Amino acid sequence: MHTTLRSRSNEIVIGHDQPFCLIGERINPTGRKKFQEQLRAGDLSQVDVDVNAQVAGGATMLDVNMGLPLVDEAALLSKVIVRIQGLTDLPLCIDSSVPEALEAGLEAYEGKALVNSVTGEDDRMEAILPLVRRHEAAVVALANDENGIPETPEKRLEITRKIIHVATERYGMPIEDIVIDPLAMTVGADTDAVNITLETISRIREEFGVNMTMGASNVSFGLPNRHAINAAFLPMAMSHGLTSAVMDARTPAIVQAVKAADLLLGHDPWGSSWISQYRNQQG
C-alpha cells in the first residue's frame, strides 16, 4: 500500500517496499526558547537554518509545527509554509492540534500534504477528517483516544480499526491516505514500552497493511546518549513494518542506521543509495 505525497515539483511514495521516509522534526518551537522569541518577534531566519540542515542531513519530508503561545498560529503556520516552499521542494507534514491552523496551512501549501494529526476521539475525527478530505491530503492517525494512550497492542489496534472505519466509510478517504502512529513511549519509564510498540506495528501491518509513522525520539526521552538509542530503535521498528518517522534528520548516526536498515531489508536495490551516500561523504 503506497501513500503518495507531493510538493510543487517533487513526489515521494511511502510504502513497505519503499525506502524509509525520514520526516525532519526540527521546525518546531517546543522546548526552544530562543526560537520562540524569534518567532514572536517576526524573525523567521532560524526556519531557513533548520530547513537547510535537515535537507543536507537526508530528510525526505519536513514536519512543520508553529504551536506557540501568544501568537496567531494559523497566520504564522501559513507564512512559514510559504517560506519553506521557497527553500526546498521536499513535501511537508503540517503539524498542529488546532483545526484553524491546519486549514490555513493546507490553504497555503502547494501539493498533497501529510496532516499531523488526528486521534480516535469522535470530536477530533469530526473536526480533522473532513478538512483533510476536502484538501485531498493524507493524515497521521494516533492510536489513542479520550482514555489516553493504551497500554496494550490490542487496545491500540482497536482504536486503529475505529479510525480507519470512520475515515474510509464516513468521510470517503482512501485507506492509503491514512498513516497510523502506533505510539512510541519512553523506555525510561517502562522497559517493556518498545516491545509493546513493536508488537503493535506488526499487528497493524498484518491486519491493515497501512503505512505507519511515529515520533521516534520519544523512546529515548529522559535518557543519556539518546542518539544511540534512537539509532538502534528505528531499524527494529522498520523490520516490524514502520515505514516513516518524525525524527532528527540532522544526526548522521540516526540517518545512517535507517539507510543501513533499508539496505538490509531489501529497500535499496544493489545498495545504490548506500554506496552513493558513502562516496558523497568521502568527498
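The values are calculated or read from the model by the stated rules, or taken from the named source; none is laboratory data. Small disclaimer: the values here were computed from a predicted structure and weren't measured. As a convention, Cβ positions derive from the backbone with ideal geometry for all residues, glycine included, and neighbour counts pool all protein chains shown.
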Do we have Val64 as closer than 20 Å to Val258 by Cα and hydrophobic (A, V, I, L, M, F, W, C) here?
no
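Table: residues versus (1) of a type in the set (A, V, I, L, M, F, W, C); (2) more than 15 Å from the chain's Cα centre (by Cα); (3) surrounded by 14 or more Cβ atoms within 10 Å (Cβ to Cβ); (4) under 28 Å from Glu206 (Cβ atoms).
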residue: Gly15; (1), (2), (3), (4): no, no, yes, yes
residue: Gln18; (1), (2), (3), (4): no, yes, yes, yes
residue: Ile27; (1), (2), (3), (4): yes, no, yes, no
residue: Arg32; (1), (2), (3), (4): no, yes, yes, no
residue: Gln46; (1), (2), (3), (4): no, yes, yes, no
residue: Asn52; (1), (2), (3), (4): no, yes, no, no
residue: Val55; (1), (2), (3), (4): yes, yes, yes, no
residue: Gly58; (1), (2), (3), (4): no, no, yes, no
Unique residue being in contact with a Lys or Arg (Cβ under 7 Å, 6 or more places away or on another chain), closer than 29 Å to Glu11 by Cα, of a type in the set (A, V, I, L, M, F, W, C) and touching a residue at least 12 places away in the same chain (Cβ under 8 Å) when the list is Ala143, Ala127, Ala113
Ala143
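Looking at Ala101, Ala137, Ala113, Ala53, can you tell me which residue is of a type outside the set (Val, Ile, Thr), touching a His at 6+ places or on another chain (Cβ under 9 Å) and at negative phi?
Unique residue meeting the criteria: Ala113.
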Cβ-Cβ under 9 Å, sequence separation 6+ or interchain: first residue in region 28-49 and at negative phi, partner of a type in the set (Ser, Thr, Tyr). Which pairs?
Gln36/Thr30; Gln38/Ser45
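Being over 30 Å from Ala53 (Cα atoms), in contact with a Gly (Cβ under 9 Å, 6 or more places away or on another chain) and among the hydrophobic types (A, V, I, L, M, F, W, C) narrows it down to one of Ala167, Ala189, Ala193, so name that one.
When all the criteria are applied, what remains is Ala189.
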Subset of region 68-91 [assigned to a loop (DSSP other than H, G, I, E, B) and among the β-branched types (Val, Ile, Thr)]
Val71, Thr88
Just to verify a result, which residue in region 44-74, among those that are of a type in the set (Val, Ile, Thr) and touching a Lys or Arg at 6+ places or on another chain (Cβ under 8 Å), is farthest from Gly24 (Cα to Cα)?
Val71
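Residues checked against (1) surrounded by fewer than 22 Cβ atoms within 10 Å (Cβ to Cβ); (2) touching a helix residue (DSSP H, G or I) at 6+ places or on another chain (Cβ under 6 Å):
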position: Leu22; (1), (2): no, no
position: Gln38; (1), (2): yes, yes
position: Val49; (1), (2): yes, no
position: Met66; (1), (2): no, yes
position: Leu77; (1), (2): no, yes
position: Leu87; (1), (2): yes, yes
position: Gly105; (1), (2): no, yes
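Restricting to region 214-251, name every residue that is touching a residue at least 12 places away in the same chain (Cβ under 8 Å), exposed (fewer than 15 other Cβ atoms within 10 Å of the Cβ) and at negative phi. I'd like the intermediate steps shown before the answer.
Applying the first criterion (touching a residue at least 12 places away in the same chain (Cβ under 8 Å)) to region 214-251 yields 214-223, 227-251.
Then drop every residue that is not exposed (fewer than 15 other Cβ atoms within 10 Å of the Cβ), which leaves 222-223, 228, 239.
The answer is Leu223, Ala228, Ser239.
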Looking only at region 79-90, decide whether some residue is modelled with pLDDT of 95 or more and under 29 Å from Arg170 (Cβ atoms).
yes
How do the pairs read when you match residues in region 160-173 that are within 13 Å of Glu121 (Cβ to Cβ) with residues anywhere that are assigned to a helix (DSSP H, G or I), using Cβ under 6 Å and keeping only pairs 6 or more apart or on different chains?
Val166/Met125
Mind listing whichever residues of region 170-224 are closer than 13 Å to Thr160 by Cβ, in contact with a strand residue (DSSP E or B) (Cβ under 7 Å, 6 or more places away or on another chain) and assigned to a helix (DSSP H, G or I)?
Ile201, Ile204
For region 43-65, which residues satisfy the criterion of being in contact with a strand residue (DSSP E or B) (Cβ under 8 Å, 6 or more places away or on another chain), assigned to a loop (DSSP other than H, G, I, E, B) and at pLDDT 95 or above?
Ala59, Thr60
Has region 234-251 got any residue that is over 19 Å from the mean Cα position of the chain (by Cα) and charged (D, E, K, R)?
no
Here is a check on your reading of the model: is Ala193 surrounded by 18 or more Cβ atoms within 10 Å (Cβ to Cβ), of a type in the set (Gly, Ala, Ser) and farther than 25 Å from Val132 by Cβ?
yes
Listed residues Leu92, Leu114, Leu131; which is among the aliphatic types (A, V, I, L, M) and over 18 Å from the mean Cα position of the chain (by Cα)?
Leu131
Restrict the check to region 16-39 and report whether at least one residue is in contact with a Phe, Trp or Tyr (Cβ under 7 Å, 6 or more places away or on another chain) and part of a loop (DSSP other than H, G, I, E, B).
yes
